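Visitor: One structure coming up, written as structure tokens, with questions to follow.
Just so it is clear, none of the values below were taken in a lab; they were calculated from the coordinates. Since we're looking at a predicted model, the values are computed, not measured. Note that we place each Cβ from the backbone using ideal geometry, even for glycine, and neighbour counts take in every protein chain shown.
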Amino acid sequence: MKKMKNVAIITARGGSKRIPRKNIKAFLGKPIIAYSIEAAINSGLFNEVMVSTDDEEIAKVSRQYGAKIPFMRSGETSNDFAITAEVIDEVIKEYQKREINFEAICCILPTAPLIKIENLKRGFELLVEKNADIIIPIVKFHYPIQRALKMTDGKIEMFYPEFYKSRSQDLEPGYHDAAQFYWMKFDTGLNGENKYGFELNGILVQDIDTDEDWKLAELKYKLLNEQEK
């Protein structure tokens, strides 16, 4: 069985309800998935950069930007209810059928135009240094999660009323997934339990689920590029 070092798996199914054809929609002049593909290729970290997709148009665009499509995604992992861990497991099994193993996987989201090569490298370094199963970039919540509110028929109440009198600066920071990429061991995929994270600056992070999110991501991208000039 052939064993190579790292594979980048970019997960890009064809269906997208909120933003139609989201994964190949033009983002400041080129398909948004191109940013993920180019970052992976230019990082020099990967023996193979592949896209897992069920969509022929996405496959065609991905090949144009240098990614491989060694096999198409199944219907079971292309529906609205499939989770990323199942997609990764399927890719691992398909490679193993072809007698190919890797040491590590980096699952990169297709809608991550703010991704930075230095952060991909940092994630891989931590995977090795910590002997971790999974490394996830995270970002701090702007407001203390302990003071979160919920609303029912216009009436509001705290999720955690015990923190009603606490000062914001005295509360432990909360973080959430940066939604850009996940490093993991090839043998465990996203099912490993030994997880570590590292923090990204909020300007580098933008989840893209709505048209407003898309516009914000474009503004951030422009701002970051202006700062780097």
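Visitor: Out of the residues in region 38-81 that are in contact (Cβ under 8 Å) with a residue 60 or more places away in the chain and assigned to a loop (DSSP other than H, G, I, E, B), state the one that is surrounded by the fewest Cβ atoms within 10 Å (Cβ to Cβ).
Guide: So, considering only residues that are in contact (Cβ under 8 Å) with a residue 60 or more places away in the chain and assigned to a loop (DSSP other than H, G, I, E, B), the one surrounded by the fewest Cβ atoms within 10 Å (Cβ to Cβ) is Asp80.
Visitor: Right, next: The conditions are (1) surrounded by 13 or more Cβ atoms within 10 Å (Cβ to Cβ); (2) out of contact with any Lys or Arg (no Cβ under 6 Å at 6 or more places or on another chain), and Asp133 fails exactly one of them. Which is it?
Guide: The single condition Asp133 does not satisfy is (2).
Visitor: In addition: Within region 193-212, which residues are exposed (fewer than 14 other Cβ atoms within 10 Å of the Cβ) and part of a helix (DSSP H, G or I)?
Guide: Gly202, Ile203, Asp211, Glu212
Visitor: Ok, one more. Run down Leu216, Leu190 and say which single residue is hydrophobic (A, V, I, L, M, F, W, C), assigned to a helix (DSSP H, G or I) and in contact with a helix residue (DSSP H, G or I) (Cβ under 7 Å, 6 or more places away or on another chain). Write out each step before concluding.
Guide: Details: Leu216 fails: in contact with a helix residue (DSSP H, G or I) (Cβ under 7 Å, 6 or more places away or on another chain).
Sole residue among the options that is hydrophobic (A, V, I, L, M, F, W, C), assigned to a helix (DSSP H, G or I) and in contact with a helix residue (DSSP H, G or I) (Cβ under 7 Å, 6 or more places away or on another chain): Leu190.
Visitor: Filter region 1-49 for residues that are farther than 28 Å from Asp187 by Cα and small (Gly, Ala, Ser) and give the result.
Guide: Gly15, Ser16, Ala26, Gly29
Visitor: Now, a different point. Mind checking which pairs have a first residue in region 118-129 that is within 10 Å of Leu45 (Cβ to Cβ) and a second that is outside any helix (DSSP H, G or I) and small (Gly, Ala, Ser), Cβ under 6 Å, 6 or more apart or different chains?
Guide: No pair meets every condition.
Visitor: Out of the residues in region 7-23 that are out of contact with any Lys or Arg (no Cβ under 9 Å at 6 or more places or on another chain) and without any contact (Cβ under 8 Å) to a residue 40 or more places away in the chain, which is farthest from Leu109 (Cα to Cα)?
Guide: This residue is Pro20.
Visitor: Also, I was wondering about something else. Tell me, which residue of region 24-58 that is of a type in the set (S, T, N, Q) and closer than 15 Å to Ile105 by Cα is nearest to the chain's Cα centre (by Cα)?
Guide: Within region 24-58, the subset of a type in the set (S, T, N, Q) is 36, 42-43, 47, 52-53.
If we keep only those that are closer than 15 Å to Ile105 by Cα as well, we get 36, 43, 47, 52.
On the way: Ser36: 9, Ser43: 16, Asn47: 19, Ser52: 13 Å.
It comes out as Ser36.
Visitor: Identify, please: which residue in region 142-186 is among the polar types (S, T, N, Q) and not in a loop (DSSP other than H, G, I, E, B) and is, among those, nearest to the chain's Cα centre (by Cα)?
Guide: Within region 142-186, the first condition is being among the polar types (S, T, N, Q), and the residues that meet it are 146, 152, 166, 168-169, 180.
Pick out the ones that are also not in a loop (DSSP other than H, G, I, E, B) and you get 146, 152, 168-169.
Working: Gln146: 26, Thr152: 33, Ser168: 30, Gln169: 30 Å.
This residue is Gln146.
Visitor: Since Gly189 meets every condition but one in (1) in contact with a strand residue (DSSP E or B) (Cβ under 6 Å, 6 or more places away or on another chain); (2) surrounded by 14 or more Cβ atoms within 10 Å (Cβ to Cβ), which condition does it not meet?
Guide: So Gly189 meets the others, but not (1).
Visitor: Another question, then. If you go through region 82-119 one residue at a time, how many are loosely packed, with under 15 Cβ neighbours inside 10 Å and either of a type in the set (Ser, Thr, Tyr) or over 30 Å from Phe198 (Cα atoms) (or both)?
Guide: 4
Visitor: Sticking with this structure for a sec: Sort out which residues of region 62-86 are under 19 Å from the mean Cα position of the chain (by Cα) and not small (Gly, Ala, Ser), and write them in order of number.
Guide: Hits for region 62-86 are Tyr65, Lys68, Ile69, Arg73, Thr77, Asn79, Asp80, Phe81, Ile83, Thr84, Glu86.
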